[in-house]
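K.L.:
Okay, handing you the structure first.
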Amino acid sequence: MTSAVSGPKYLSVRENLRRRVSALPEHTLLPPEPVLCEEYGVSRITLRRAVDGLVADGHLVREQGRGTYVTRPAIRHEYRESFVHRIAGWSSVMTEQGAQVGTTVLTQRIVPVQPPVATELGLEPATDVVELVRLRSVDGAPNHVAHSFLPAATYPEAAEVDLSEGSLYEFLRREYAADLATARIVVDVGTAAPEEADLLQVVAGSPLLVVRTTVRDSAGQPLVHSFSRLRPDVSQVEFEVSVSGR
């Protein structure tokens, strides 16, 4: 029934509900609370906590006298849960939210690794990596430019496969059974260079959100390093983490 999501029970219920409502037409009413509690095998408190999260995210709306029904959130670049409970690609997350996503591959080649990326991937200087640069859009509007780097010796097909659709992470899991287990994320602020500004349809020098991610396997070995440069007017980066020791 529910997907395997580590952490408190309500997170598993919320993840399952999020996937469920993303496939339902807008304005569809959810079953009554007792029915959902029985279906998921949880208490009303647990169910309400799960539903509260989806209401806050804009996936559901509660209306007095009517019940809880499906809505569509404002389109935003959302990392919530994607890097805490599962490693999901951007296109997968946005598609689940009901967005129409687009990808234009700008660069896809094998090049010698540059020092900052070599450090993140634990590679020797000048080791070959696959460099992948993609312009990502939401409902036809440019959202961000994503730069990804992978060891070419480990993932040679990433330099040739068509990545204009779908998720890079899904490709790595499918073709290489990649163990994408954890991610370290750093967020800072940059400014748009002229060429980048043209792609994102902003003024050169405009502020951008910069999200740097290094994905590792279960043993801590780095597999993929990427950085995305996002338009802040149409993007929002969220994190949800478990708090221990309380």
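The values are calculated or read from the model by the stated rules, or taken from the named source; none is laboratory data. Here the structure is a predicted model, which means the values were calculated and not measured. Note that each Cβ is placed from the backbone with ideal geometry, even for glycine, and that neighbours are counted across all protein chains shown. When the accessible area is computed, the model is the full protein with side chains, heavy atoms only, and any ligands, DNA or RNA have been set aside. Shrake-Rupley method; radii C 1.70, N 1.55, O 1.52, S 1.80 Å.
K.L.:
Among Gln201, Ala146, Ile185, whose Cα sits farthest toward the positive end of the charge dipole of the stretch 131-246 (+1 at Cβ of Lys/Arg, -1 at Cβ of Asp/Glu, about the Cα centre)?
P.N.:
Ile185
K.L.:
Considering only protein heavy atoms and a 1.4 Å probe, what is the carbon-and-sulfur percentage of the accessible area of the stretch 120-183?
P.N.:
47
K.L.:
How charged is the neighbourhood of Pro31? Take every other residue with its Cβ under 12 Å from the Cβ of Pro31, and add Lys/Arg as +1 and Asp/Glu as -1. Show your work: numbers first, answer last.
P.N.:
Numbers: positive: Arg20; negative: Glu33, Glu38, Glu39.
Around Pro31, the charge tally is -2.
K.L.:
Multiplying the sequence separation of Gln114 and Leu24 by 0.36 nm and subtracting their Cα-Cα distance, what value in nm do you get? Walk me through the numbers before you get to the answer.
P.N.:
Numbers: separation 90, 0.36 × 90 = 32.40 nm, distance 4.54 nm.
My answer for the length gained is 27.9 nm.
K.L.:
Quick check: residue separation of Ala141 and Thr154 times 0.36 nm, minus the Cα distance between them. What number comes out in nm? Show your work: numbers first, answer last.
P.N.:
Working: separation 13, 0.36 × 13 = 4.68 nm, distance 3.38 nm.
Full extension of this stretch gives 1.3 nm more.
K.L.:
Around Thr191, what is the net charge, scoring Lys/Arg as +1 and Asp/Glu as -1 over all other residues with Cβ under 15 Å from its Cβ?
P.N.:
Summing Lys/Arg as +1 and Asp/Glu as -1 gives -3.
K.L.:
Further, regarding this structure: Find the all-direction average of the projected area of the Cα convex hull for the stretch 117-246, expressing the result in square nanometres with one decimal place.
P.N.:
For the stretch 117-246, the mean projected area of the Cα convex hull comes to 10.1 nm².
K.L.:
How far apart, in nm, are two points set 7 Å out from the Cα along the Cα-to-Cβ line at Thr71 and at Arg212?
P.N.:
Distance between label points: 3.8 nm.
K.L.:
Okay, moving on. With a 1.4 Å probe and every protein chain left in place, tell me how much accessible area Ile110 has, in Å² to the nearest 10.
P.N.:
About 90 Å², rounded to the nearest 10.
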